[in-house]
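Everything below concerns the one structure shown next.
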Amino acid sequence: MNQPEKIAEPMCEQSKDNFDLLEIMIILAKKKRQLIGVPLIVGLIATAISFALPNVYQATTKLLPPQQSQSSAAALLSQLGGVAGLAAGAAGVKTPNDLYVGMLKSRTIADKLIKTFNLKKSYDADTQEKTRQILEKNTNIIAGKDGLITIDVEDKDQKVVARIANAYVEELIKLSKELALTEASQRRLFFERQLEQSKDRLAGAEVTLKRSMDTRGVISVDADSRAIVETVGRLRAQISAKQIQLNSMGTVVTENNPAYRRAQSELSSLQAELSKLENGRGSRQEETGMPGNQSGLENIKVLRDVKYYQMLYELLAKQYEAARLDEAKDPAIIQVLDTAIEPEKKAKPKRLIIVLVCIAVAFFATAFFVFTSEAKRRLKMRPGGEAQLAELSANLKF
């Protein structure tokens with residue numbers, strides 16, 4: 001009859017060291033003033049602080065950047081062997097969205113916005129760099145999977161925040177007009193420069209031709225010599241065009257690229273044909289083609305240079321015209337899907353959330369403190385409890 005009682009005693013002792021549901025309720029009831037009072041005081045303080053924080057407003061604009069279009073210059077590839085498709089590889093390094101997001105985050109646009117809205121004064125910043133950092137912190141620019149770019153701007157001024165968001169788009173449009181961003185724009189700019197150089201060289205060759213005519217009279221060239229001059233001029237023009245292509249491709253692709261190797265092979269073939277013509281029958285005809293003298297040879301050389309620059313200019317002019325037409329058809333227009341409007345409500349601070357979070361944290365912190373204190377009290381009541389607490393404190397020290 002006494003044996004069950006002996007078994008129950010250690011169970012009762014064990015229960016004194018652990019918290020069961022009833023004991024937890026008793027502890028909470030004993031410390032109800034702390035558990036209610038501390039969170040309440042913290043909540044009142046958090047309410048006062050949250051109302052002291054200034055209102056922050058957010059304005060959002062969404063835009064659709066221009067997408068890269070396929071070039072239509074394939075019909076003229078026979079002239080330069082694929083130079084028209086050169087810039088497509090360069091344009092594919094980054095997606096259009098990444099490119100425009102980078103421009104929106106650039107220092108150039110940031111400085112223009114700072115100057116336009118006098119943000120240095122608004123942000124109470126003493127340096128331009130600090131003003132940029134605050135503007136960057138208040139701005140969120142992301143490229144979504146839907147192809148749209150979203151610009152979120154936060155500011156304390158309810159009326160200015162929408163204007164800043166829309167100004168981002170305005171400055172982006174201005175900057176994009178100054179830069180060649182699309183494949184067609186890059187290609188048009190490339191051929192425009194090459195065409196200008198070829199035009200200057202052609203003008204110089206024509207001036208030399210005119211001087212030769214004034215000095216030696218009208219140039220008389222037989223049919224065979226004229227044919228050789230035209231052939232040499234065409235080959236030299238094609239070689240120059242091919243070299244332009246290779247030099248430009250070298251900044252985009254490696255030498256192992258199939259298109260690059262094919263262009264190299266075509267250049268070698270053209271150079272071999274020209275060398276054969278100049279060192280063989282062609283060069284001999286240049287020396288004997290004129291009825292007489294050194295004057296005839298000089299006339300052929302001048303005419304050959306003019307023919308060369310004429311043909312090169314014609315090749316580049318065709319490619320430039322194709323690039324210009326492609327640029328006109330390219331949808332390089334930044335389209336605004338949603339214009340930022342003046343926000344009706346503040347975005348921050350979320351006062352109710354701040355207060356509720358502070359109250360919850362205060363309650364759980366107080367409850368933790370209460371249960372920790374009770375656990376320490378019980379530990380001290382156990383034999384050797386003081387020594388265990390001292391050991392715990394010593395181990396917690398760094």
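The values are calculated or read from the model by the stated rules, or taken from the named source; none is laboratory data. Keep in mind that this is a model prediction, so the values were computed, not measured. Here Cβ is always computed from backbone atoms with ideal geometry, including for glycine, and neighbour counts include all displayed protein chains. Side chains included, ligands, DNA and RNA excluded: accessible areas come from the protein's heavy atoms. Shrake-Rupley method; radii C 1.70, N 1.55, O 1.52, S 1.80 Å.
I want to confirm something. Restricting to the stretch 131-148 and keeping residues that are farther than 17 Å from residue 111 by Cα and out of contact with any helix residue (DSSP H, G or I) (no Cβ under 6 Å at 6 or more places or on another chain), which single residue is surrounded by the fewest Cβ atoms within 10 Å (Cβ to Cβ)? Talk me through it step by step, then tell me what you get.
Residues of the stretch 131-148 that are farther than 17 Å from residue 111 by Cα, as a first pass: 142-148.
When the remaining residues are screened for being out of contact with any helix residue (DSSP H, G or I) (no Cβ under 6 Å at 6 or more places or on another chain), the result is 142, 144-148.
Details: 142: 11, 144: 10, 145: 6, 146: 8, 147: 12, 148: 16.
Here the answer is 145.
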Problem set entry | Qualifying positions in the stretch 151-174 - farther than 16 Å from residue 136 by Cβ, of a type in the set (Asp, Glu) and buried (at least 16 other Cβ atoms within 10 Å of the Cβ) | 170
Problem set entry | Residue match in the stretch 299-306 (condition: over 23 Å from residue 194 (Cβ atoms), in a helix (DSSP H, G or I), modelled with pLDDT under 70 and open to solvent by 60 Å² or more (accessible area, probe 1.4 Å)) | yes
For this session: Would you mind finding the one in 110, 48, 87 that is modelled with pLDDT of 90 or more, touching a Lys or Arg at 6+ places or on another chain (Cβ under 6 Å) and in a helix (DSSP H, G or I)?
Result: 110
Problem set entry | residue 79 vs. criteria modelled with pLDDT under 90, within 58 Å of the chain's Cα centre (by Cα) and assigned to a helix (DSSP H, G or I) | yes
Exercise. What are the pairs, 6+ residues apart or on separate chains, where a residue within the stretch 111-138 that is touching a residue at least 24 places away in the same chain (Cβ under 8 Å) and hydroxyl-bearing (Ser, Thr, Tyr) has its Cβ under 7 Å from a residue that is part of a helix (DSSP H, G or I) and open to solvent by less than 70 Å² (accessible area, probe 1.4 Å)?
Worked result: 116/167
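Just to be sure before I move on: is residue 182 at pLDDT below 80 and of a type in the set (Val, Ile, Thr) in the structure I sent? Quick ask: steps written out before the conclusion?
Details: at pLDDT below 80: yes; of a type in the set (Val, Ile, Thr): yes.
Spelling it out, residue 182 is indeed at pLDDT below 80 and of a type in the set (Val, Ile, Thr).
Condition first: acidic (Asp, Glu) and either modelled with pLDDT of 80 or more or touching a Leu at 6+ places or on another chain (Cβ under 9 Å) (or both). Now tell me which residues in the stretch 250-273 satisfy that. Show your work before the answer.
Quick first cut of the stretch 250-273, residues acidic (Asp, Glu) only: 255, 266, 273.
Answer for the stretch 250-273, where residues must be acidic (Asp, Glu) and either modelled with pLDDT of 80 or more or touching a Leu at 6+ places or on another chain (Cβ under 9 Å) (or both): 266, 273.
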Exercise. Does the stretch 235-242 include one or more residues that are at pLDDT 70 or above, open to solvent by 20 Å² or more (accessible area, probe 1.4 Å) and of a type in the set (A, V, I, L, M)?
Worked result: no
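This table checks each residue for (1) closer than 30 Å to residue 149 by Cα; (2) of a type in the set (Val, Ile, Thr); (3) open to solvent by 40 Å² or more (accessible area, probe 1.4 Å); (4) at pLDDT 85 or above.
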site: 329; (1), (2), (3), (4): yes, no, yes, no
site: 335; (1), (2), (3), (4): yes, no, yes, no
site: 342; (1), (2), (3), (4): yes, no, yes, yes
site: 366; (1), (2), (3), (4): no, yes, no, yes
